[in-house]
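Shown next, in structure tokens, is the structure this report addresses.
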Amino acid sequence: MRILILLVLILNLSCKSQSSTPELKANFSADQIADLKKITEFFENQICENDQTDFKSCFEPILPDLIDVGYEPIFELVDFQMQKVLYNSIGKTTFNEIWNFCKTTNLKTNKSYQSLCAKGVEGKYADFLLAVGQNNKFLKKYADRLIASGDFESSTLLQQWIYTNKESFDLSNPNIKLIIAIHYLSINDQEKRTEQSD
């Protein structure tokens, strides 16, 4: 009986460790890693149909549309009200390591809006991106651009890199899935958030 319990514990721990990577462990606490997993799972659930079971089979088919028509497939698939519920389900410290809020002014109406921005160089997420970028030249460029601009790339550059360099973007890798989830959820938020700023 003890052997059975031990085997169950080992199997359980090995499954949990598959959702964490050295880059995640080096930059985030255990609670934050659990929050990051929620973010990835939320995004995957939003873009996947009920009969699809893995991220790759959900994400690869929409890549050509992401390149051709921009972010419309994400805007159609991701429910922003549910995304705000996700924010409330993760720790404030986790949120603050990835994002902050900026003031954006609509030049046509001259009204200011609250906009989601990247935390930038001060956040652990930037350190995580740089760590992942040590083994992936595309993600190194992505990290450098995000840190330099303080914002998520609004062009279709990321999806073009993923589509044309599949060997560099293993869609079963927790790091890659998290980066994709955070990128597209950020763009979705920037498109749909309407709260006015003071």
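The values are calculated or read from the model by the stated rules, or taken from the named source; none is laboratory data. These numbers come from a predicted model, not from an experiment. All Cβ positions, even for glycine, are placed from backbone atoms using ideal geometry, and neighbour counts span all protein chains on display. Side chains are part of the model used for accessible areas, which takes the heavy atoms of the whole protein and leaves out ligands, DNA and RNA. Shrake-Rupley method; radii C 1.70, N 1.55, O 1.52, S 1.80 Å.
The residue list LYS92, LYS38 contains one member that is surrounded by fewer than 11 Cβ atoms within 10 Å (Cβ to Cβ) and at pLDDT 95 or above, which is LYS92. Give segment 142-160 a look and list any residue that's in a helix (DSSP H, G or I) and either modelled with pLDDT of 95 or more or buried (at least 18 other Cβ atoms within 10 Å of the Cβ) (or both), or say none. Result: TYR142, ALA143, LEU146, ILE147, LEU158, GLN159.
For segment 177-188, the criterion of a residue being surrounded by 13 or more Cβ atoms within 10 Å (Cβ to Cβ), touching a residue at least 60 places away in the same chain (Cβ under 8 Å) and more than 19 Å from GLU41 (Cβ to Cβ) is satisfied by no position. Residues that are within 15 Å of LEU158 (Cβ to Cβ), free of Cβ contacts under 8 Å to residues at least 40 places away in the same chain and open to solvent by 40 Å² or more (accessible area, probe 1.4 Å) within segment 59-68 comprise ASP65, ASP68, listed in sequence order.
If the requirement is being at pLDDT below 95, among the small types (Gly, Ala, Ser), closer than 19 Å to LYS140 by Cβ and open to solvent by 30 Å² or more (accessible area, probe 1.4 Å), which of these qualifies: SER172, SER168? The unique qualifying residue is SER168.
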